[in-house]
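Asker: Before I ask anything, let me first share the structure, which is written out below as structure tokens.
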Amino acid sequence: MFNDPKIFTNTTQLAQQIELANGSTIQASGTGTVQIKLPHCILELSNCLLVKNLSYNLISLGAIMKLNYKILTQNNNTIFNGTFNSGNFEVTIEGNKALATITNHNNILTLHQTSRHPSPEYLGKMFPTLTTTNLQCPTCNLCKITKSPFKGAFPTPQRKLQFIHTDLFGPVETPSNLGYKYCLRVVDSYRSYVWTTFLKSKSETGFHIQKLIQRIENQCKEKIANLVSNNESEFKNHQLTTFFQDKGITHLTTAPYTPQQSPFTERGNWITITKARCLLSDSGLDKSFWAKAWFKRPPTYQHLQPFGCLCYYLNNQPQGKFSEKGSEGLFLGYEEGHRAYQILDRRTEPQITNDNPITINTAPPKDNHPKSPTNNLLDSNVSTAVPTNKKGDHYEWIPKEQPPANEIHGENTISNELENMEKHQVWSPTTIDNNIKPLSTTWVFKRKTDENGNLTKFKARLCVRGFHQKEGIDYDDVFSPTGRLTSLRLLFTLCHLNKFKIEQMDVKCAFLNGKADKDLYILRPDGYDSHQPHQYFILNGSLCGLKQSPRCWHLELKKALTDIGLTPSLTDPCLFFSKDQHKPMWLFIHVDDLIFGGSWNEEFKTKINHRFEMEDLGQIKYALGIRILQLQDYISLIQDKFIKNILEEFNLTDCRHTTSPLPGNSKSFKHLPSKSIDHPFNYRRAIGLLQYLVQCTRPDLAFATSFLSQFLEDPKDIHFNSVKHVLAYLKSTKHYDLRLGQNNLKHQQNHILGFTDSDWGGSEESKSFSASIIYYHGTLGWRSHKQKVVALSSAEAEYNAATEAIQDLLWLKHLLLETTNLIPKLTLFTDNQSTIAIASNHVYHHGTRHINFRLHFIQNLLENQELQITYLETNRMIADSLTKNNPYNKSIDHLKIIFSNNDLSSKEE
């Protein structure tokens with residue numbers, strides 16, 4: 001009898017009741033032939049029954065012997081003697097031997113304790129030769145009193161990993177000896193298999209669930225379809241929601257205050273606690289060892305020992321030749337991942353791990369039951385399969401066979417991608433020589449969302465494993481330019497000043513349009529027609545993953561845009577413009593995204609559609625994680641959705657309100673007490689996300705992010721708390737938007753303003769921070785960083801900062817001159833009179849002789865009247881907020897000018 005209809009051939013429908021050994025019946029729905037692949041042949045069984053509700057497949061040994069097959073067993077040990085009669089094996093069991101196995105209650109109780117206090121029913125399933133009906137364990141009677149269980153509310157699973165139940169219990173009033181307070185249990189309801197891990201805090205839940213899911217899927221070679229948990233925040237957060245979406249796992253939750261809906265975890269928690277309670281009570285160990293009283297994996301019986309029993313182990317560091325070689329300890333459990341024992345040394349009381357052979361004292365509890373022979377109690381060579389739990393009656397509210405979400409959409413996206421490959425003639429089948437090593441490929445899946453975070457489509461990309469490429473053989477040049485965000489903000493400003501509509505287009509299958517510059521060969525990809533005889537392909541175009549693919553695509557796109565009539569800028573090769581003053585247009589490229597605005601948008605879209613397969617996204621609303629609003633008076637750039645995702649990822653959506661990026665004591669961390677982070681927090685990722693915010697729309701975070709990035713290698717808890725403070729500030733200010741195209745400062749249209757400042761000696765960690773802001777109808781560029789040279793005075797520090805700011809001013813001037821034919825004037829504001837005096841005075845200064853090269857650079861600009869340096873009071877210097885952590889009442893006026901926004905009051909939402 002078999003339970004899988006897919007393995008049947010020549011199936012005939014059938015309705016037949018089959019009576020089992022316990023008197024119950026099951027329904028057979030068909031009959032047919034099943035072929036079983038053996039190591040050296042194929043076993044064909046006819047007249048097999050299809051029983052879908054059968055937990056295990058059943059094969060008749062008698063039927064196999066009738067087909068002239070022999071049945072061999074390992075170890076050549078005789079378990080029973082019997083005869084083969086009429087297709088059945090008849091075995092006679094001696095009554096006195098059976099009685100001998102049940103008379104010694106003392107040994108059964110010892111086995112019960114050694115097996116971690118299972119119920120009599122499960123002990124009988126583990127060891128069928130025992131009679132455990134009358135087993136009475138005083139420890140269990142004290143520790144396992146409970147109410148009657150509830151039936152579950154989820155349907156009966158039909159395969160492994162279809163339903164995974166998880167729950168967290170704790171905090172335990174007595175932390176374990178290693179500091180654990182929580183226990184996380186994951187249960188596969190199909191086979192009731194349990195994975196367990198221990199946590200020190202609730203915040204570790206998401207990290208450990210991701211690790212467990214990866215390990216479970218690797219072990220079982222199957223994908224998890226559904227995960228069931230309660231509604232607590234440790235399971236319902238952005239980190240796990242994103243992880244479940246990427247893995248294609250459906251997250252189901254129980255109703256509030258109804259834990260009985262998930263009996264696998266709730267009853268499992270009860271089992272875990274009661275077993276630990278029994279083991280601690282039985283062993284007499286302190287309650288702090290509760291985490292060691294539960295195995296993380298079911299060990300075999302041969303090395304099972306009673307928890308907390310006396311043991312002796314080999315001491316690896318004896319004191320002398322005549323000193324004792326062994327030490328006395330208490331047995332705690334087994335080390336996961338390798339064969340070693342966890343032992344508590346009775347003298348020094350540290351927990352140690354020892355892989356040497358140990359001698360366990362397993363003296364049973366004293367009992368007055370009669371003695372009887374026990375040599376036939378157990379044969380260690382016999383193993384028995386334990387059947388699954390009896391299934392309850394469940395209400396089915398989802399399909400029985402529910403594949404993971406990735407599989408549903410993956411098949412469609414893969415077929416679409418392969419069709420695109422054929423359409424673009426990316427490869428050609430070929431044969432290769434033995435000295436050529438083809439590259440392998442893999443599939444990468446992605447979800448695309450809109451400006452509100454809503455899912456728009458699924459994408460699949462075939463990627464070459466380019467890390468196997470060899471320089472000089474498989475590739476030469478790989479450089480491909482990346483556009484500067486300052487150029488993109490300039491495009492927004494110019495289009496708004498000229499009242500041009502800004503639109504966006506996406507190139508479909510961009511990399512497939514690139515032309516291969518080397519003869520590269522790949523293996524036949526997974527999902528490609530397996531009936532094709534060809535195993536190897538030569539690439540005609542570029543594929544994702546190849547080191548030269550970005551360069552090949554950029555060259556192809558550059559040629560197409562040049563043919564249309566656009567010219568790449570020499571200042572930023574990712575910014576294209578029209579030289580025809582009667583048909584102005586500016587276009588910014590980011591890989592396969594085109595952002596453009598001009599007087600001939602429709603004509604451009606028609607021409608580019610003739611060259612590539614495009615997706616017209618219309619007026620731009622969302623790009624690079626930035627939400628873009630084209631209003632009448634200005635263009636607004638905001639990243640509120642991006643900030644919301646960051647807060648959800650780090651579980652800080654309910655954090656407190658704050659008005660400054662850093663806490664008040666963050667001027668120096670050097671002398672403050674701190675310790676290493678003892679919980680999983682991705683400090684590096686948090687800084688990376690903040691840096692991207694700074695580059696796009698949030699100059700107010702520039703100093704805080706640059707300052708905290710100094711501690712990436714070894715962050716302490718004080719740095720972790722400072723990052724959380726920055727994220728709390730983000731929550732309060734996520735409505736901040738950067739406004740371009742409006743003018744809060746009175747200056748002419750062709751005037752670029754620069755603001756520079758330096759905080760010399762302000763922080764012991766940084767010594768000197770410099771900052772600059774470039775303003776042209778709105779804030780276009782900014783920087784804040786630690787100075788790379790040591791300044792000997794505040795004047796020198798300010799002078800170095802001014803030099804860097806002037807470099808940015810000149811870069812923007814050249815870009816404007818090239819793309820608009822405007823010759824803008826440059827004005828630099830500084831709050832240091834010494835800087836102006838040094839730059840304007842040609843007299844030799846003994847204190848500035850070591851900065852003469854920078855001196856000549858600025859003086860030449862002043863002599864040629866290409867630059868003007870003007871003094872600005874410190875309280876009006878907007879760059880001051882990018883060099884230090886200013887309080888809210890001091891920085892708010894600066895931020896209103898930086899963001900060109902008078903409504904920047906903090907909001908707690």
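The values are calculated or read from the model by the stated rules, or taken from the named source; none is laboratory data. It should be emphasised that the depicted structure is a prediction, and the values quoted were computed from it without experimental measurement. Cβ coordinates were reconstructed from backbone atoms using ideal geometry, including for glycine residues, and neighbour counts include every protein chain displayed.
Asker: Consider ASP519 carefully, then state whether it is loosely packed, with under 15 Cβ neighbours inside 10 Å and under 26 Å from ASN416 (Cα atoms). So that I can check it myself, show each step before the final result.
Answerer: Working: loosely packed, with under 15 Cβ neighbours inside 10 Å: yes; under 26 Å from ASN416 (Cα atoms): yes.
Yes, satisfied.
Asker: Identify, from the list LEU817, LEU809, the residue that is in the same structural domain as MET877 (by TED's automatic domain parsing), under 41 Å from the mean Cα position of the chain (by Cα) and at pLDDT 85 or above. Show your work before the answer.
Answerer: Working: LEU817 fails: under 41 Å from the mean Cα position of the chain (by Cα).
Step by step, each of LEU817, LEU809 is checked, and only LEU809 is in the same structural domain as MET877 (by TED's automatic domain parsing), under 41 Å from the mean Cα position of the chain (by Cα) and at pLDDT 85 or above.
Asker: Just checking, which of LEU54, LEU43 is farther than 22 Å from THR156 by Cβ and at pLDDT below 85? Let's see the steps before the verdict.
Answerer: Working: LEU54 fails: farther than 22 Å from THR156 by Cβ.
Sole residue among the options that is farther than 22 Å from THR156 by Cβ and at pLDDT below 85: LEU43.
Asker: Still on this structure: Whether any residue in segment 657-676 is within 15 Å of CYS696 (Cβ to Cβ), surrounded by 17 or more Cβ atoms within 10 Å (Cβ to Cβ) and modelled with pLDDT of 80 or more is what I want to check.
Answerer: no
Asker: Tell me, yes or no, whether segment 592-601 has at least one residue that is in a helix (DSSP H, G or I) and either within 41 Å of the chain's Cα centre (by Cα) or not assigned by TED's automatic domain parsing to the domain that holds ARG461 (or both).
Answerer: Yes, there is a match, as at least one residue in segment 592-601 is in a helix (DSSP H, G or I) and either within 41 Å of the chain's Cα centre (by Cα) or not assigned by TED's automatic domain parsing to the domain that holds ARG461 (or both).
Asker: Condition (residue is of a type outside the set (A, V, I, L, M), over 30 Å from TYR736 (Cβ atoms) and without any contact (Cβ under 8 Å) to a residue 40 or more places away in the chain) applied to segment 590-602: is it met by at least one residue?
Answerer: yes
Asker: Further, regarding this structure: Any residue that is assigned to a helix (DSSP H, G or I) and in contact with a Cys (Cβ under 8 Å, 6 or more places away or on another chain) - is there at least one of those in segment 710-726?
Answerer: yes
Conditions (1) in contact with a Phe, Trp or Tyr (Cβ under 9 Å, 6 or more places away or on another chain); (2) touching a residue at least 40 places away in the same chain (Cβ under 8 Å), marked per residue:
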{"position": "THR606", "(1), (2)": "no, no"}
{"position": "GLN630", "(1), (2)": "yes, yes"}
{"position": "ASP633", "(1), (2)": "no, yes"}
{"position": "SER636", "(1), (2)": "no, yes"}
{"position": "THR653", "(1), (2)": "no, yes"}
{"position": "THR659", "(1), (2)": "yes, yes"}
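Asker: Quick one: which strands (runs of 3 or more DSSP E) sit completely within segment 149-254 and have at least 3 residues that are farther than 30 Å from ALA460 by Cβ?
Answerer: The strands (runs of 3 or more DSSP E) meeting that bar are 163-169, 182-188, 193-199.
Asker: Let me ask something else about it. Out of curiosity, is SER176 surrounded by 16 or more Cβ atoms within 10 Å (Cβ to Cβ), of a type in the set (S, T, N, Q), in contact with a His (Cβ under 9 Å, 6 or more places away or on another chain) and more than 23 Å from VAL444 (Cβ to Cβ)?
Answerer: Working: surrounded by 16 or more Cβ atoms within 10 Å (Cβ to Cβ): yes; of a type in the set (S, T, N, Q): yes; in contact with a His (Cβ under 9 Å, 6 or more places away or on another chain): no; more than 23 Å from VAL444 (Cβ to Cβ): yes.
Judged against the criteria, SER176 is not a match.
Asker: Output the number of the condition that ILE436 fails; it satisfies all remaining conditions of (1) outside any loop (DSSP other than H, G, I, E, B); (2) touching a strand residue (DSSP E or B) at 6+ places or on another chain (Cβ under 9 Å); (3) modelled with pLDDT of 80 or more.
Answerer: With (1) outside any loop (DSSP other than H, G, I, E, B); (2) touching a strand residue (DSSP E or B) at 6+ places or on another chain (Cβ under 9 Å); (3) modelled with pLDDT of 80 or more applied to ILE436, the lone miss is (1).
Asker: In addition: Is one or more of the residues making up segment 123-131 β-branched (Val, Ile, Thr), modelled with pLDDT under 60 and closer than 29 Å to LEU20 by Cβ?
Answerer: Taking every residue of segment 123-131 in turn, none turns out to be β-branched (Val, Ile, Thr), modelled with pLDDT under 60 and closer than 29 Å to LEU20 by Cβ.
Asker: Only one of these conditions is not met by ILE164: (1) at pLDDT 70 or above; (2) over 30 Å from the mean Cα position of the chain (by Cα); (3) β-branched (Val, Ile, Thr). Which number is it?
Answerer: ILE164 satisfies every listed condition except (2).
Asker: Let me ask something additional. Can you name the condition, by its number, that HIS582 falls short on among (1) modelled with pLDDT under 90; (2) closer than 20 Å to GLN425 by Cβ?
Answerer: Exception for HIS582: condition (2).
Asker: Still on this structure, please answer the following. Name the single residue, out of those in segment 546-596 being surrounded by fewer than 20 Cβ atoms within 10 Å (Cβ to Cβ) and among the small types (Gly, Ala, Ser), that is nearest to ILE608 (Cα to Cα).
Answerer: Top of the filtered list is ALA560.
Asker: Just wondering, is there one or more residues in segment 689-700 that are at pLDDT 90 or above and of a type in the set (Phe, Trp, Tyr)?
Answerer: Scanning segment 689-700, I find at least one residue that is at pLDDT 90 or above and of a type in the set (Phe, Trp, Tyr), so the answer is yes.
Asker: Does SER480 satisfy the criteria of being within 28 Å of TYR692 (Cα to Cα), of a type in the set (S, T, N, Q), modelled with pLDDT under 90 and touching a helix residue (DSSP H, G or I) at 6+ places or on another chain (Cβ under 8 Å)? Talk me through it step by step, then tell me what you get.
Answerer: Numbers: within 28 Å of TYR692 (Cα to Cα): yes; of a type in the set (S, T, N, Q): yes; modelled with pLDDT under 90: yes; touching a helix residue (DSSP H, G or I) at 6+ places or on another chain (Cβ under 8 Å): yes.
Yes: the conditions hold for SER480.
Asker: Does any residue of segment 644-654 turn out to be assigned to a helix (DSSP H, G or I), buried (at least 16 other Cβ atoms within 10 Å of the Cβ), touching a strand residue (DSSP E or B) at 6+ places or on another chain (Cβ under 9 Å) and modelled with pLDDT of 85 or more?
Answerer: There is no residue in segment 644-654 that is assigned to a helix (DSSP H, G or I), buried (at least 16 other Cβ atoms within 10 Å of the Cβ), touching a strand residue (DSSP E or B) at 6+ places or on another chain (Cβ under 9 Å) and modelled with pLDDT of 85 or more.
Asker: How about segment 820-830: which of its residues are within 46 Å of the chain's Cα centre (by Cα) and over 25 Å from GLY483 (Cα atoms)?
Answerer: The initial filter retains those residues of segment 820-830 that are within 46 Å of the chain's Cα centre (by Cα), namely 820, 828-830.
Selection gives LEU828, PHE829, THR830.
Asker: I've got another one for you. When you scan segment 67-75, do you find a residue that is closer than 26 Å to ARG191 by Cβ, modelled with pLDDT of 65 or more and surrounded by 10 or more Cβ atoms within 10 Å (Cβ to Cβ), even just one? Break it down into steps so the answer makes sense when it comes.
Answerer: First pass over segment 67-75, keeping only residues closer than 26 Å to ARG191 by Cβ: 73-74.
Next, only the ones that are modelled with pLDDT of 65 or more stay: none.
Checked against the condition, which is being closer than 26 Å to ARG191 by Cβ, modelled with pLDDT of 65 or more and surrounded by 10 or more Cβ atoms within 10 Å (Cβ to Cβ), segment 67-75 yields no hits at all.
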